[in-house]
Amino acid sequence: MLDRPYTELQVWQRSRVLVAAIYDLTRFFPREELLGLTNQMRRAAVSVPSNIAEGCGRQHSRDTIQFLFIARGSLFELETQCYLASDQQYLSGEQLAAVLIEIGECRKLLQGFIRYYRTLLPSPGAKPTNN
């Protein structure tokens, strides 16, 4: 489907920047959160580029879109967890604002990628080809 490797996609590259930011932020969370919010936030962040990559490895656009939606869901999950970390005063207002901007940028790029893949789907009512 893609003319280039997923590693060259801006959405995948930007989501890796988000992962690094989340690891940096959670490094300073209390030790008792290691198996709680720290782990949850890191897993949600890692899920974004991982699902983009897995989706790009699928053979059909419909399958790819499904993985892109999973990545998008992980962004929403991560956004909520950032608010919760702020509520617990693990993140400053400035840190929260910065990470929410990064999440928003990833979401915009991902939504554009989803739109692109939707254009590859056959239009409703189209007759299948025998190729």
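Kindly indicate which of Leu96, Leu100 is surrounded by 17 or more Cβ atoms within 10 Å (Cβ to Cβ) and at pLDDT 95 or above.
Values: Leu100 fails: surrounded by 17 or more Cβ atoms within 10 Å (Cβ to Cβ).
Only one candidate passes the filter, namely Leu96.
Please work out if Glu33 is among the acidic types (Asp, Glu), under 17 Å from the mean Cα position of the chain (by Cα) and surrounded by 15 or more Cβ atoms within 10 Å (Cβ to Cβ). Spell out how you get there, then give the answer.
Details: among the acidic types (Asp, Glu): yes; under 17 Å from the mean Cα position of the chain (by Cα): no; surrounded by 15 or more Cβ atoms within 10 Å (Cβ to Cβ): yes.
Taking the combined requirement at face value, the residue does not satisfy it.
Which ones in the range 57-81 are surrounded by fewer than 21 Cβ atoms within 10 Å (Cβ to Cβ) and either over 30 Å from Gln95 (Cα atoms) or of a type in the set (Gly, Ala, Ser) (or both)?
The answer is Gly57, Arg58, Gln59, His60, Ser61, Arg62, Asp63, Ile65, Gln66, Gly73.
Do we find that Ile52 is within 29 Å of Pro5 (Cα to Cα), part of a helix (DSSP H, G or I) and touching a helix residue (DSSP H, G or I) at 6+ places or on another chain (Cβ under 9 Å) in this structure? Can you show your working first?
Values: within 29 Å of Pro5 (Cα to Cα): yes; part of a helix (DSSP H, G or I): yes; touching a helix residue (DSSP H, G or I) at 6+ places or on another chain (Cβ under 9 Å): yes.
Spelling it out, Ile52 is indeed within 29 Å of Pro5 (Cα to Cα), part of a helix (DSSP H, G or I) and touching a helix residue (DSSP H, G or I) at 6+ places or on another chain (Cβ under 9 Å).
Rundown of residues vs (1) in a helix (DSSP H, G or I); (2) in contact (Cβ under 8 Å) with a residue 12 or more places away in the chain; (3) under 18 Å from Ile70 (Cα atoms), yes/no style:
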{"residue": "Arg4", "(1), (2), (3)": "no, no, no"}
{"residue": "Arg16", "(1), (2), (3)": "yes, yes, yes"}
{"residue": "Asp24", "(1), (2), (3)": "yes, no, no"}
{"residue": "Phe29", "(1), (2), (3)": "no, yes, no"}
{"residue": "Gln40", "(1), (2), (3)": "yes, yes, yes"}
{"residue": "Arg43", "(1), (2), (3)": "yes, no, yes"}
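The values are calculated or read from the model by the stated rules, or taken from the named source; none is laboratory data. In this text the structure is predicted, and so the values were computed from the model without any measurement. Glycine also receives a Cβ, built like all others from the backbone with ideal geometry; neighbour counts cover every protein chain displayed.
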